[in-house]
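Below is one structure, written out as structure tokens; the observations come after it.
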Amino acid sequence: MTKLDDFLEPLNHGVWEVVIPKGTVTEPPDAGWRASAINVPSPGTTASYRKGRFHVHETKNEWRVHLDRYDPEANPLLHLADDAPLLLMISDTFMTLVMDTKRTEIKKPADILKTQHFIWQEQVVFGLVLCLAGLFIMNNPMNFFKNLFELIIPSGIICLAIIFLARPFSSRLPEKYQAVGIPGGVGMFCAGIFAFVLPLALWVIFVLVILALWMIASAVMLLQRVMKGQNAVPEGFYSRMAIGIISLVLAILLFVSPAGILVFLVEILGIITVLLGLTLCINGLRLRTWRKRR
């Protein structure tokens, strides 16, 4: 009987990642492993779990486990700065989406069951909508930024608030969830109203400050480790050095040309949206082909 934890000792001795064939692990992840919904995108990943600083990506045939420098639950800001810098998230998102468009097989039988509720036509239509939205973002970056913060985000917050406020009236929910519905909903509703009346200039300042702090913190932490030598950067010396340098350059450019960097980042968001739409379209067409062969 072997568990995932039995193979993790090398991570405590400077190894960046251990790759474990699924056939060698006879036990499922124990209760200490928690499903992780938000991760830096990784090609081929079907599920992701965390256990303190340990982070595992499940693929079709392997468990790929690495050791984060900071536990995101205990140190979320340090985790974002060092383990998940903005540029790494952007580059890995591109890589994952591009590789997913090249995938020629259905990942696993469970995916077929899931797609029964999201048939190929819907994937293609939704993919086309995302492609059009991405093209709009790329062609109108400042208009999209304005609409995002003046309309989309405040509306989204208020919709979530309504969901929270409706919770206490749902008899299907456990009592512990019903109890937090009203105070959480009221607070979120007030936040949504505040977001509606907040001037766009303040939104711009808020976004620029967050981006600048994130990139400066990432640059400082990554370059400090790079200066200690390759042993201090097991996840990739040259890649982290490049991310640190580019993060520092972009942070400086945020102060020199804030509008230009904002446009650049929004256009990247548009490109990612187009890639996501293409991925859905291609996967929908593949599903159609697979169903015909069945």
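How about the stretch 188-251: which chymotrypsin sites (Phe, Trp or Tyr not before Pro) there lie in a loop by DSSP and see at most 12 other Cβ atoms within 10 Å?
Numbers: sites: Phe189, Phe194, Phe196, Trp203, Phe206, Trp214, Phe237, Tyr238; in loops: none.
Here no chymotrypsin sites (Phe, Trp or Tyr not before Pro) fit, given the DSSP loop and packing criteria.
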Highest-MSF residue in the chain out of Ser42, Ser247, Ser155 [GNM, Cα springs under 10 Å]:
Ser155
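At a Förster radius of 41 Å, what calculated FRET efficiency corresponds to the Cβ-Cβ distance of Asn75 and Glu267, to the nearest 0.05?
The value I calculate is 0.80.
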Prolate/oblate/rounded call for the chain, Cα gyration tensor, a/c under 1.5 rounded:
rounded
Here the relative contact order (percent) of the chain, from C-alpha pairs under 8 Å and at least 6 apart, is 22 percent
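Could you tell me whether the stretch 184-294 comes out rounded, prolate or oblate from its Cα gyration tensor? Rule is a ≥ b ≥ c as square roots of the eigenvalues, rounded for a/c under 1.5, then prolate if a/b exceeds b/c, otherwise oblate. Could the numbers behind the result be given before it?
Numbers: a/c = 2.11, a/b = 1.13, b/c = 1.88.
The shape class here is oblate.
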For Leu222, net neighbour charge (Lys/Arg +1, Asp/Glu -1) across residues whose Cβ lies under 9 Å away
+1
Excluding residues fewer than 8 places away in the same chain, name every one of the aspartates and glutamates whose C-alpha is closer than 20 Å to that of Lys22.
Asp5, Asp6, Glu9, Asp30, Glu58, Glu62, Glu105, Asp111
Run the helix sum for the chain: -39,500 (n - 2.57) per DSSP H stretch of 4+ residues, divided by residue count, reported at 222 nm to the nearest 500 deg cm²/dmol.
-19500 deg cm²/dmol
Just to confirm the filter: which chymotrypsin sites (Phe, Trp or Tyr not before Pro) across the stretch 1-95 are DSSP coil and have at most 14 other Cβ within 10 angstrom of their Cβ?
Trp16
Dipole axis of the chain (+1 Lys, Arg; -1 Asp, Glu on Cβ), positive-most option in Leu87, Met241, Ile157:
Ile157
Once label points are set 7 Å from the Cα along Cα→Cβ at both Met99 and Cys190, what is their separation, rounded to one decimal in nm?
4.6 nm
Placing each pseudo-label 7 Å from Cα in the direction of the beta carbon, Trp16 and Asn61 end up separated by a distance in nanometres of 2.2 nm
Test of the criteria: in the stretch 1-86, which GluC sites (Glu not before Pro) are in a DSSP loop and have at most 15 other Cβ atoms within 10 angstrom of their Cβ?
Glu73
Evaluate the distance, in nm, between pseudo-label points positioned 7 Å from the Cα of Leu285 and of Ile153 along their respective Cα→Cβ axes.
3.6 nm
Mean projected area, convex hull of alpha-carbon positions in the stretch 4-67, reported to one decimal in nm², is 4.2 nm²
Show me the helices of the chain, taken as full DSSP H stretches, that run 27 Å or more along their long axis by Cα and average -1.0 or above in Kyte-Doolittle hydropathy.
120-139, 200-227, 237-256, 258-293
Compute the length gained on full extension between Phe237 and Ala47: take 0.36 nm times their separation in residues and subtract their Cα-Cα distance, giving the result in nm to one decimal.
65.7 nm
With charges set only on the Cβ (+1 for Lys and Arg, -1 for Asp and Glu), what does the dipole of the chain come to about its Cα centre, in debye to the nearest 20?
960 debye
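The numbers here are math on the coordinates, done by the rules we state, and not lab data. Just so it is clear, the structure is predicted and the values come from calculations on it, not from any experiment. Cβ coordinates were reconstructed from backbone atoms using ideal geometry, including for glycine residues, and neighbour counts include every protein chain displayed.
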